[in-house]
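First comes the structure, then the notes that go with it.
The values are calculated or read from the model by the stated rules, or taken from the named source; none is laboratory data. Model, not experiment: these values are computed from the prediction. Don't worry about glycine lacking a Cβ; one is built from the backbone with ideal geometry, like all the others, and counts go over all protein chains shown.
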Amino acid sequence: MSPRCGLNPRCGLSLKTLALLLCALPAAAQSLTAVRFGKLWDGAKVIDRAVVLVENGRIRSVQAGDAPIPAGASVVDWSRFYGLPGLIDVHTHMTYIQRGGNRLPAVTVFLAQENARKTLQTGVTTVRDLGASDYNDVAMRDLINRGAMPGPRMFVSGYGLSIPRGGQSSPGTAGTPDEVRLAVRRQIAAGADVIKLYGSLGSFDSVDTQQTFTFDEMKAAVDVAHTMGRKVAIHSYGPEGARDAVRAGADSLEHAVDLDDETLAEMVRRKTFYVPTIDHNRYYVDAASEYGFRPAAVEGLNRYIARNLETAKRAVKVGVRFAMGSDAVYSGFGQNTRELAWFVKAGMTPEQALRVATANGAELLGQQADLGDAIPGKFADLIAVEGDPLADIDVVITKVRGVMKGGAVVVTR
């Protein structure tokens, strides 16, 4: 067929014939990729000179010792690097692109591609997105899933549920248990994978811990969401809202400080995930001039960081399960994994911190069958880092050299 022929029927090559020819190609030539690593931490153990065979976006096998590569397979040579499973950030706001201003939802989603690109560059291949206007997160998730937009795999919440304030309302506004139940159903009908509640005040330069939703309202949200097969994340800056969130059956507790011993014990008993997002306030401190935060607000943020870290230390000691959340917004993308350093400061080993950012995230998402480990059957989400991540967690934060998502290389450095 000449280059100008294309699929012109006059050239004698029909779409059906072309499809048959493609199907006749060896499977390895179509979709088999071999990824070489100097070492690979698969989520449980280290494999020397690993060769990961990837087929149709999933891991087919993992072998040690520079295993032979099948004929026809393409090769990704990351043998200079240490391999890890793709990381999971369970608290983002991917469609937050800048503060202020009015824009059409389509413009917001288009511009949010930059946040997606920066997130992938950190080695994060999957996110849980906890709150967006106009269901922009649902649109962005669907575009990524269709291959129309590059970005991490997204599990989204639509509107975060909040109490009525100042006459403002949204599809997530609810002020009674019945209204909460309706708002939960509304988010699910719009395509939400997870339900988010703002169980207290506190956001950006405010560290106000005042509880908002009551226990009964939180319980109403959890009951409906769980009945409809969705998990619930509850935002609480303070211990009172956190206590009720845990008792109500939240699957994850976001941000909270000053948790009492009883609440921590209940989290262990219920297997509630703690997503402390310590680093997001560090980011706000560093970006204070960019956001116009007052010096008094910065002082409050720094005090909250110290309380957040102290609470995380106590939670680590008693065996609370953690997941990694950056709470990335605006220019915070690209810093998604800095939370790992706080986990080590809180008493985890680097390997424990990596489990939090991989297997724990997958379990919180209900995606253990597909994500969280670099083992056969899972999605081929792999990252390459320069250095030993089990000895120095900073390697994961600052030295990502390559990222593969679903068998496709999406970042190379």
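Data for the structure
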| read-out | value |
| --- | --- |
| Pair list, Cβ under 9 Å, 6 or more apart: the range 278-293 residue at positive phi, other residue outside any helix (DSSP H, G or I) | G292/D205 |
| Filtered residues of the range 56-69 (kept if touching a residue at least 40 places away in the same chain (Cβ under 8 Å) and either assigned to a strand (DSSP E or B) or closer than 11 Å to L32 by Cβ (or both)) | N56, R58, I59, R60, S61, V62 |
| Matching option when the condition is out of contact with any Ser or Thr (no Cβ under 7 Å at 6 or more places or on another chain), among the aromatic types (F, W, Y) and buried (at least 21 other Cβ atoms within 10 Å of the Cβ), among Y274, Y330 | Y274 |
| Of residues in the range 70-122 being in a strand (DSSP E or B) and polar (S, T, N, Q), the one farthest from the chain's Cα centre (by Cα) | S74 |
| Subset of the range 72-87 (residues that are at pLDDT 95 or above and either farther than 13 Å from V35 by Cβ or of a type in the set (A, V, I, L, M, F, W, C) (or both)) | A73, V75, V76, W78, F81, L84, L87 |
| Flag for P150 being more than 27 Å from Y304 (Cα to Cα) and buried (at least 16 other Cβ atoms within 10 Å of the Cβ) | no |
| Options D327, D392, D381, D388: the member that is outside the structural domain of A242 (by TED's automatic domain parsing) and either of a type in the set (A, V, I, L, M) or within 25 Å of Y96 (Cβ to Cβ) (or both) | D381 |
| Any hit, the range 265-286, residues being part of a helix (DSSP H, G or I), under 20 Å from F213 (Cα atoms) and in the same structural domain as F322 (by TED's automatic domain parsing) | yes |
| Residues of the range 228-247 classified as assigned to a helix (DSSP H, G or I) and within 24 Å of the chain's Cα centre (by Cα), total | 4 |
| Test: Q210 is of a type outside the set (G, A, S), in contact with a strand residue (DSSP E or B) (Cβ under 9 Å, 6 or more places away or on another chain) and surrounded by fewer than 16 Cβ atoms within 10 Å (Cβ to Cβ) | yes |
| Within the range 190-220, tally of residues that are over 22 Å from the mean Cα position of the chain (by Cα), of a type in the set (G, A, S) and not in a strand (DSSP E or B) | 1 |
| Qualifying residue in the range 296-306 (condition: touching a strand residue (DSSP E or B) at 6+ places or on another chain (Cβ under 9 Å), assigned to a helix (DSSP H, G or I), β-branched (V, I, T) and modelled with pLDDT of 95 or more) | no |
